[in-house]
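The values are calculated or read from the model by the stated rules, or taken from the named source; none is laboratory data. On a predicted model such as this, the values are computed, not experimentally measured, just so you know. Because the Cβ atoms are built from the backbone with ideal geometry, glycine has one as well, and the counts that use them run over all protein chains shown. Ligands, DNA and RNA are stripped out before the accessible areas are found, and what is left, the full protein with its side chains, is counted by its heavy atoms. Shrake-Rupley method; radii C 1.70, N 1.55, O 1.52, S 1.80 Å.
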Amino acid sequence: MLRIALTLVTAAVLAQTSPRTLTIDFVALDRNGMPVTDLKPSDVEVRIGQFRAPVETLTLVNPESDDYAGRLVVLLLDDVTLRPEMMGRVHEAGRRLVSRMGPADRMAVVTLSGSHTESTGDRGRLLQAIDAYSVRASGAMRNDVQGSHLLDTLASLSQQLVEAPGRRKTIVAVGPAWLDKPLPPPANGADLLPEWIHALRQLAFSNVNYYVIDPQGIGSTQVDTGDIGFARETGGHAFLNVNDLDAAADSVMREAAHYYVVNVPDPPVGARADLRPLDVQSKRKGVTVRARHAIPGSL
């Protein structure tokens, strides 16, 4: 199991702030992908299952907020399935993410094969770890095996982040597009739905959002906007078929630092379910919301 040493400890946010209240975070973006910072409670609609949950409070969190605690980012690098000629692009994406760190931010570098660093705000140490990254020589791995390994890794990392500093935590996977679609077709291996549900539950409980940056660029996979995969389910996004790695990294770091926290009543519906559908929408035209699409039935 991967272990990340964390330097500070506080309580996780996606939890019951009272026996009857849920706290959920989301990102609001305008048509240019920039944060929207002036939403009011009347601009937001939250549904849990079929239940419309009235907004009790809505709070903007950004670097100017009194309670802003910085960003915690886990950079997950695929050193197992990536083509070796793409290593330079992975270095580029990783270095850009580090360059966008602020004084209160912490980052850890983890590889899919299991190596890792402690979380730190020391850019030099992080850049050294990124520069040391290389693709491991390995044989072909079955789709279900690699998918299971990814889901287990995400669940394990999220479990370690449960009491990490700050409210919004981000795992950024850099590698091929399959990192956003770890479930193989049913005919191509084992059923990974239990692992998928377990990973989504753990990311939700730990309040972790997942992003994917594919360094292979336009044309490397089928046309895909990243709107239907695993990242979207967690309130994150997959940057696929894009050549501008700097812009993708900037978007990830910007969204990790500008978000809303909304309090709503916890309805009794679906309390025994593994996951309950969650839908957070903006009523304001031109505003896109990124929020996780499911929360555990019992937090």
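Within this structure, A247 passes the test of being without any contact (Cβ under 8 Å) to a residue 12 or more places away in the chain, surrounded by fewer than 16 Cβ atoms within 10 Å (Cβ to Cβ) and over 25 Å from K40 (Cα atoms).
Among the residues making up region 237-255, those that are within 16 Å of L75 (Cα to Cα) and either polar (S, T, N, Q) or in a helix (DSSP H, G or I) (or both) are L245, D246, A248, A249, D250, S251, V252, M253, R254, E255.
Restricting Q128, Q146 to residues that are crowded, with 17+ Cβ neighbours inside 10 Å and more than 14 Å from the chain's Cα centre (by Cα) narrows the list to Q146.
A count restricted to region 113-140 and to residues that are part of a loop (DSSP other than H, G, I, E, B), more than 16 Å from Q160 (Cβ to Cβ) and touching a helix residue (DSSP H, G or I) at 6+ places or on another chain (Cβ under 8 Å) stands at 3.
The requirement of being small (G, A, S), at pLDDT below 95 and open to solvent by 30 Å² or more (accessible area, probe 1.4 Å) is satisfied by G219. Looking at region 271-282, is at least one residue at pLDDT below 95, more than 26 Å from G147 (Cα to Cα) and either open to solvent by less than 10 Å² (accessible area, probe 1.4 Å) or of a type in the set (G, A, S) (or both)? There is at least one residue in region 271-282 that is at pLDDT below 95, more than 26 Å from G147 (Cα to Cα) and either open to solvent by less than 10 Å² (accessible area, probe 1.4 Å) or of a type in the set (G, A, S) (or both).
In the set (1) outside any loop (DSSP other than H, G, I, E, B); (2) surrounded by fewer than 22 Cβ atoms within 10 Å (Cβ to Cβ), the condition left unmet by P103 is number (1). G270 falls short on exactly one of the conditions (1) touching a helix residue (DSSP H, G or I) at 6+ places or on another chain (Cβ under 9 Å); (2) in a loop (DSSP other than H, G, I, E, B); (3) not aliphatic (A, V, I, L, M), and that condition is (1).
Output yes when any residue across region 79-87 is more than 30 Å from G147 (Cα to Cα) and open to solvent by 60 Å² or more (accessible area, probe 1.4 Å), and no when none is. No, that holds for no residue. When region 149-174 is examined, which residues are found to be small (G, A, S) and either in contact with a Ser or Thr (Cβ under 6 Å, 6 or more places away or on another chain) or modelled with pLDDT of 95 or more (or both)? A155, S156, S158, A173 - these are the residues of region 149-174 that are small (G, A, S) and either in contact with a Ser or Thr (Cβ under 6 Å, 6 or more places away or on another chain) or modelled with pLDDT of 95 or more (or both).
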